[in-house]
Amino acid sequence: MSIPRFPRPARPLLAGLGLLLVLVCTLASQIPLPSPGAAHREDFNLLGTGAAATLPAGWRFSAAGDATIRWDDATNLSATSAQAGGGSPTAGGRYNWGQSATERAPGVMSSSSFPSPSSLLAWFQNTLEVPVAQVDLTFDYERYRINTTPAVITFHHSADGVNWTAAPAGDSGAFAPGPSAYGFATPVSTVTQSVSLPGLDLAPGGSLYLRWTFDTGGANSQGLGLDNLSLATTAVPEPAGIALAGGAAALGVAWARRRRRQAAPSGLPE
C-alpha cells in the first residue's frame, strides 16, 4: 500500500499548526491576571476527595525537601499524594485537605520519609494590554493538624520563577506546637493574610510567580494548607505629562481651525 504524501504547500502549514498547538498548551498552564477592578479567586474546591488530586492549571508543588525552587524544575509535581477530611493521618505527603467534599485546600504534612520544606507555586501572566503596577492578594493559611514540631509558611514572588523576593507581610507567622490533634470540619486554626506587591511595572506578556514555602520540620509535623486566594491588579497610570501634552495639542488644533474659519472669505471653502 502506498503511503500518502502531503503536497509540499501543506508541510509548512502543518509545521505552523504544530507550533500553534505547543503555544496554546504553554499558555494554558498560565493564569491570566485579572483586569483592574476585577479579581481572580481560587478556592481549590474542585480538587475533589481523591488522594492524587490534580492542582488547578498554573499551580505546582515542589519536590519534598527541595529548597532551591524553580518553576521549570522537572521534579515539580501537579498533583497531591494524600488526602484527609477526617481521621488521624500521620503519613507525610502533598495533601488534599478537606473540611468537606466541596471545601478543599492543598498543603503539606512532612515526615521522616517526606522531608521539609515543600513549596506550592503559581504562575500568573499579564495578558492585559496595559502594564500592571501592583498586585494585591488575600489568602488563608489553614491548620488541619497541630503537632509537637513548630511550623511556618513563608511567601515569595518572582518575575522569572527562579529569583525570588521575600514578602514577609504574606508569611503565616509561627504555628506554635502542641500535643497532636486534628481539625477538619473546622480547622484547628486559620490565619488570613493580606499582602500588596507594589512597583511591579509588569509589561503585557510578563509573568508573576508566587510561592508559598511550607517549613514543617520533618517528623511530628503539623498539617497545613492554603485556601481562598483572591488576587487583584492595579494598572500603571498614564503619565500626567503625556496626558497634558495630548490635551494641549488638541486645543492647538481646535484653535488653528477656528482661526482659519474666521480668516476664510465668505462663501469660499476653508
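Every number in this text was worked out from the coordinates using simple rules, so none of it is lab data. The shown structure was predicted, so the numbers you read here are calculated from the model rather than taken from an experiment. Glycine gets a Cβ as well: all are built from the backbone with ideal geometry, and neighbour counts include every protein chain shown.
With 0.36 nm allotted per residue and the present C-alpha distance subtracted, the SER35-THR148 stretch has 36.3 nm of extension available.
The simple spin-label model puts a point 7 Å past each Cα toward its Cβ; for ALA52 and SER180 those points are separated by 2.7 nm. Residues of the stretch 135-162 falling in the label zone of THR90, defined by backbone nitrogen less than 20 Å from a point 7 Å along Cα to beta-carbon, are 144-151. Karplus-derived 3J(HN,Hα) values for the stretch 154-159, using 6.51 cos²θ - 1.76 cosθ + 1.60 with θ = phi - 60°, are 10, 10, 9, 9, 7, 9 Hz; glycine and proline are entered as x. Modelled label positions at ALA67 and SER113, each set 7 Å beyond Cα in the direction of Cβ, lie 2.4 nm from each other. Prolate is the label for the stretch 28-240, because the ratio a/c of its alpha-carbon gyration tensor axes (a ≥ b ≥ c) is 1.5 or higher and a/b is greater than b/c.
The mean sequence separation of alpha-carbon pairs under 8 Å and at least six residues apart, normalised by the residue count of the stretch 28-240, gives a relative contact order of 31 percent. Evaluating 6.51 cos²θ - 1.76 cosθ + 1.60 at θ = phi - 60° for every residue in the stretch 100-108, the Karplus couplings come out as 7, 5, 10, 10, 10, 7, x, x, 9 Hz, glycine and proline recorded as x.
Remark: spin-label model distance ALA203-ALA101 equals 5.0 nm, labels positioned 7 Å along the Cα→Cβ axis.
A cut-off of 5 Å between modelled amide H atoms, ignoring neighbours fewer than 5 places along the same chain, links ALA151 with PHE175.
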